[in-house]
Protein chains: 2
Amino acid sequence: MNVAVDAMGGDCSTETIVQGAIQAASEFDIDVTLVGDGHVLTDALASQPCRDRMSFRHCSEVVDMDESPLKAVRKKKDSSINVAFGLLKSGVSNAVVSAGNSGATLAAAVLALGRLNGVDRPGIASFFPGEDGPVLLIDVGANVDCRPRQLFQFGIMAQAFICSCLEIEDPKIGLLSIGEEDKKGNEQVLSTRHLFEQSPLNFVGNVEGRDIFSGNIQIIVCDGFVGNVALKLSEGMAQTMIKMLDRELRDSYRGKIARFLGDRKIKQFIKTFEYEEYGGAPLLGVNGVGIVCHGRSSERAIKNAIILASQYASKGTLKKMASQLTESNEQVENI
Amino acid sequence: MNVAVDAMGGDCSTETIVQGAIQAASEFDIDVTLVGDGHVLTDALASQPCRDRMSFRHCSEVVDMDESPLKAVRKKKDSSINVAFGLLKSGVSNAVVSAGNSGATLAAAVLALGRLNGVDRPGIASFFPGEDGPVLLIDVGANVDCRPRQLFQFGIMAQAFICSCLEIEDPKIGLLSIGEEDKKGNEQVLSTRHLFEQSPLNFVGNVEGRDIFSGNIQIIVCDGFVGNVALKLSEGMAQTMIKMLDRELRDSYRGKIARFLGDRKIKQFIKTFEYEEYGGAPLLGVNGVGIVCHGRSSERAIKNAIILASQYASKGTLKKMASQLTESNEQVENI
């Protein structure tokens, strides 16, 4: 198992990415190929353990976070993200991890590997910290305007991913809307619901924003506009709540003692709401394995993303996804 | 100042609504007319203080939370929500507060009072707990599919409301999208942005989900689908985070002591994220003052909603809103 890691993308330092990769390679049966500036990577790897598991591939360019994805990927042929997916295409690597521009990561993946058979448009899925375990929300930003058929395909792909990769049997799938009743939703949701209802998926109907955290559900489908707002809202809200709790406790003597005594437990609680626990966001619908990490990833986030990428690549998930897509598309056409 | 309060709508008890109303009437210069079952209200008010400030109006029907709004409001002529807006129309009351079916509240308001001059479709705005003070998000569920002109009008109305009613000068307005850059967003956002840019409003451009909590902004505009998901997600997330923090702290001896010592401060922190602090959600675009409360409102939430309704009705906000709408609509037509 070899995972190609984009060592230049993102707002985190190359050092952070290298350290996360070394942790993954030391603790698990994974080889890592770092893709980035050869001089920097030679230095970074020089004094590191597990050098036999680590290698690098030099490249001369990087796609910046604010660049237009498709344009940048087409122009910068020797960018780290393009070279990483090149390694996957040529069979050197089995998966790609990047903390860079997520749009560019998806674009590079599609250009290099193409779409999975039967997929109209690939999506990006992301884990949310539900009370009953992680919840996978798809799409979180790749497709801002979606047709019902695309949303339905997101559901199929997420189901295959969760079943095969995380070994959860028959996950519950909900469609994000503004009320649980059949008739609640916008035009897009009303048409999509119909497709899910006719499918053999474990579809539980419409779910609401609050069900992302407490709905005893494993997959929630929405378009990339709504999903991106939900993702960023929940990240921002978690940070704000943690900051405000800290501010409140610091504000009094009793509070300060409480903060000191509860420190380990409060940190445990904060961890639940940090993206880095969930190992990044899988690209679903690309004909290959790619994981997008948060732009400001920590070493831990990079490590967890590499582990997730390795699981995604090793369990035949893509094959299962493709066969389920073929079946479901036939079914949709028959409806 | 008389506020008509729907005493039958919502999942909270009539007792809760009556107590909230009594608190508002006792502490502020507000008369309250409760609308509901006369027998129940006679009993509830019998032994209460400030009876001179409290009155009731009997009605025989109620719109349930899961009824189809427009249909129910048209059919149930003598429902509490219709009778409450009837009091406003006839000049007995100056504002209406309801914790009932929010769609029915909006429908009853529009049927009784009509739309404000220049408004295509009224919206429901809701407060979010931002780090730098409350943020008003509009729309949170009244209009699931919106045209750019409607979103623009939401911005105008929210600005007039915030300026006049909360006395905040020149509030910053953002358009909810998936990135701050001009080109980020779905088709709806891209067209709406153009309208805001040409206006004299203090428009700061696109904002992201995270800016709802930490964006130093006072108004955020989005369609009712996205806004409803955001509202319910943040409510659900706050509840989940509070529950998880409590669970973590209870889990160890040190944690339990921390929980005991920090109790007052933790409660203070929790309060920030409870909807009841913000006094309900104003209907904007109706030719009269209406406030929708959470279906499971507490006494405190009802009290705060009545106070907000009284402020909204007493400061000439509707007139200012109407004149700004006329100006802005002319401007939009000239673009």
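The values are calculated or read from the model by the stated rules, or taken from the named source; none is laboratory data. Note that the coordinates shown come from a computational prediction; the quantities given were computed from them, not determined experimentally. Cβ: placed from backbone, ideal geometry, glycine included. Neighbour counts: every protein chain shown. Side chains are part of the model used for accessible areas, which takes the heavy atoms of the whole protein and leaves out ligands, DNA and RNA. Shrake-Rupley method; radii C 1.70, N 1.55, O 1.52, S 1.80 Å.
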Checked against a 21 Å limit on the C-alpha separation, the offending pairs among A:271/A:320; A:184/B:232; B:271/B:320; A:232/B:184 are A:271/A:320; B:271/B:320
Counting other chain Cβ atoms within 10 Å of each Cβ in A:241-250 and taking the mean gives 6
Computed over the protein assembly as shown, protein heavy atoms only, probe 1.4 angstrom, the accessible area per residue in square angstrom equals 40
Per GNM of chain A with C-alpha springs under 10 angstrom, the most fluctuating residue out of A:179, A:280, A:295 is A:179
With +1 at each Lys and Arg Cβ and -1 at each Asp and Glu Cβ, the charge dipole magnitude of the protein assembly as shown around its Cα centre, to the nearest 20 debye, comes out at 580
Applying the gyration tensor rule to the Cα atoms of chain B (axes a ≥ b ≥ c; rounded if a/c under 1.5, else prolate if a/b exceeds b/c, else oblate), the class is oblate
For the pair A and B, the solvent-accessible area buried on both sides (1.4 Å probe; DNA, RNA and ligands excluded), in Å² to the nearest hundred, is 5300
Per the charge dipole of chain B (beta-carbon charges, Lys/Arg positive, Asp/Glu negative, Cα centre), the residue among B:39, B:198, B:101 reaching farthest to the positive end is B:39
Note on chain A: helices (DSSP H) long enough, at least 24 Å by alpha carbon along their axis, and hydrophobic enough, mean Kyte-Doolittle at least 0.0, are A:148-165, A:224-250
In chain B the DSSP beta bridges are antiparallel at a rate, in percent to nearest 5, of 30
So, in nm and shortest first, the distances from residue A:60 to its counterparts in the other copies, with label points 7 Å along Cα→Cβ, work out as 8.7
Copies of residue B:251 compared via label points 7 Å along Cα→Cβ give distances in nm, shortest first, of 2.7
Taking a ≥ b ≥ c as the square roots of the eigenvalues of the Cα gyration tensor, with a/c under 1.5 meaning rounded and otherwise prolate when a/b exceeds b/c and oblate if not, the protein assembly as shown is prolate
Once normalised by the length of region A:188-335, the mean sequence separation of its alpha carbon contacts under 8 Å that are 6 or more apart gives a contact order in percent of 17
Of all DSSP beta bridges having both residues in region A:1-69, the percent classed as antiparallel (nearest 5) is 0
The distance between the Cα centres of region A:160-238 and region B:270-315, in whole Å, is 30
Among A:146, A:16, A:301, the residue whose Cα sits farthest towards the positive end of the charge dipole of chain A, when +1 is placed on the Cβ of each Lys and Arg and -1 on the Cβ of each Asp and Glu, is A:16
Expected integer from the mean partner chain Cβ neighbour count at 10 Å over B:66-73 is 1
Which residues qualify? For residue B:205, with a placed amide H closer than 5 Å and at least 5 residues away or on another chain, they are B:175
Treating only Lys and Arg (+1) and Asp and Glu (-1) as charged, each at its beta carbon, one finds that region A:77-154 has a dipole about its Cα centre, in Debye to the nearest 20, of 380
For the rotation taking chain B to chain A, the chain B residue with the nearest C-beta to the axis, plus the distance in whole Å, reads B:258, 2
Comparing A:301, A:238, A:281 in a Gaussian network model of chain A (Cα, 10 Å), the one with the largest mean-square fluctuation is A:238
Non-local residues with an amide H under 5 Å from the amide H of residue A:172, with H modelled 1.01 Å from N and Pro and chain starts lacking one, are A:218, A:219
Taking protein heavy atoms only, a 1.4 Å probe, and rounding to whole percent, the accessible area of region B:1-108 owed to carbon and sulfur comes out at 48
Shape call for region B:135-264, from the Cα gyration tensor axes a ≥ b ≥ c (a/c under 1.5 means rounded, otherwise prolate when a/b beats b/c, else oblate), comes out prolate
With +1 at each Lys and Arg Cβ and -1 at each Asp and Glu Cβ, the charge dipole magnitude of chain A around its Cα centre, to the nearest 20 debye, comes out at 480
Here the correct list, in nm and shortest first, of distances from residue B:315 to the same site in the other copies, label points 7 Å along Cα→Cβ, is 5.5
Counting other chain Cβ atoms within 10 Å of each Cβ in A:251-259 and taking the mean gives 5
Connecting every pair of Cα atoms under 10 Å apart in chain A and solving the GNM, the largest mean-square fluctuation among A:57, A:147, A:264 falls on A:264
Ordering A:197-208, A:133-144 by per-residue average of other C-beta atoms within 10 angstrom, highest first, gives A:133-144, A:197-208
